[in-house]
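Working notes, structure below.
The values are calculated or read from the model by the stated rules, or taken from the named source; none is laboratory data. Keep in mind it's a predicted model, so treat the numbers as computed, not measured. Heads up, the Cβs are rebuilt from the backbone with ideal geometry, glycines too, and the neighbour counts pull from every protein chain shown. Each accessible area value is taken on the protein alone, full model and side chains, heavy atoms only, with ligands, DNA and RNA left out. Shrake-Rupley method; radii C 1.70, N 1.55, O 1.52, S 1.80 Å.
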Amino acid sequence: MLPDLTALEDTRLIKLGHISLTLGGLLSGAVMIGLALGLAWVVTRGIRRLRVRARRAAGGLYLLEKLAGYGIIVTGVMMGLSAAGLNLSSLTVFAGAIGIGLGLGLQGVVKEFVSGLVVIFDGMVSVGDYVELDGARGIIAEIGPRATRIRNNDNIDVVVPNSKLIEGTVINWTLKGDTRRIHIPFGVAYESDRARVREAVLAAANASPFTLPETETRKSQVWLTGFGDSSLNFELLVWPTLDAVKRPAAMHAAYTWAIADALDAAGIEIPFPQTDLRVRSVFGHSGDDGLEAIGLKRPRPAPRPAGAAATSTPSANDAAEELSHPAEDPTPEAGAAADDADR
């Protein structure tokens, strides 16, 4: 039996010049490549789980994960080819031909692969960053060999070629710093007290749980930005938490809702587009008397009793609730960490 196995292993399959491939060599090479793939999977998975737990060094660990995976696979393939009986030094001409083929037929694939390596090493965009480019906005979940996967807050994955991150304009909302200043526009009626508007809106903004405490350089402000057709136009400038910055739509909606509740509680009118028709004289009457003469009477609001304070119960703010309870990290690595925690 043993001589038969030995003969089977030495069975020559292909002989091209100085290259001789045997069945035993091919089996040895396949085993080594398989072991390299398995080792790469184990190492990258371990580093990935470590990266999920150590959020501060996520960028460096992601770089280490990719380098370790690629390095182990390339080394295993080279060792497998050598064990199979291929003299790698004799493949120089063949490798040159492959290089020409890659340059002509697979230049797009090579371009995206090299772009992915540049993105990983550059550090301007990393896994976990909240970015915006070409209409896509979300958290970078994965930087692959061909494309980058961006997951938005609606749990939709957007696949963007790696070259887009290098050649196009990318807005990285979380590159450096712990927050960003945002602008929330709103309008009030012209007869409103501007100081009262400012006081009510600032109080609402500072009472929000996702507003950072004020410092000398970061203060919530209310700006009067213009005079609209039917309203005084204001903007609330506020510094939210980084978790809120990653959810811009919910953040904008939450602050807008809080502003509306604050203005209602203060008795400040939120106007709507309208057209005023001024009648100088009708049947010899003018003003309210003229309107009454043609059957129209301007309604007058009931006067508020002296000393009575405006009261209003804040309504349910779904956007604020979402910001107060952020969802888990959308990357698949977070699910793997959760599985480990359950175990």
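For segment 1-52, taking the residues that are in a loop (DSSP other than H, G, I, E, B) and either open to solvent by 80 Å² or more (accessible area, probe 1.4 Å) or not small (Gly, Ala, Ser) (or both), the one that is modelled with the highest pLDDT is identified as Thr11. Residue count for segment 55-71, restricted to those that are open to solvent by 40 Å² or more (accessible area, probe 1.4 Å) and modelled with pLDDT of 65 or more: 5. Number of residues in segment 130-159 that are farther than 22 Å from Gly69 by Cα and either in contact with a Cys (Cβ under 9 Å, 6 or more places away or on another chain) or open to solvent by less than 30 Å² (accessible area, probe 1.4 Å) (or both) equals 6. Lys164 falls short on exactly one of the conditions (1) touching a Gly at 6+ places or on another chain (Cβ under 8 Å); (2) closer than 30 Å to Glu112 by Cβ; (3) not aromatic (Phe, Trp, Tyr), and that condition is (1). Working only within segment 143-153, note down all residues that are free of Cβ contacts under 8 Å to residues at least 40 places away in the same chain, in a loop (DSSP other than H, G, I, E, B) and within 11 Å of the chain's Cα centre (by Cα). Asn152, the sole residue that qualifies.
Within segment 127-142, residues that are assigned to a strand (DSSP E or B) sit with their Cβ atoms under 8 Å from residues that are of a type in the set (Phe, Trp, Tyr) and open to solvent by 10 Å² or more (accessible area, probe 1.4 Å), at 6+ positions apart or across chains, in these pairs: Tyr130/Trp173; Val131/Trp173; Glu132/Trp173.
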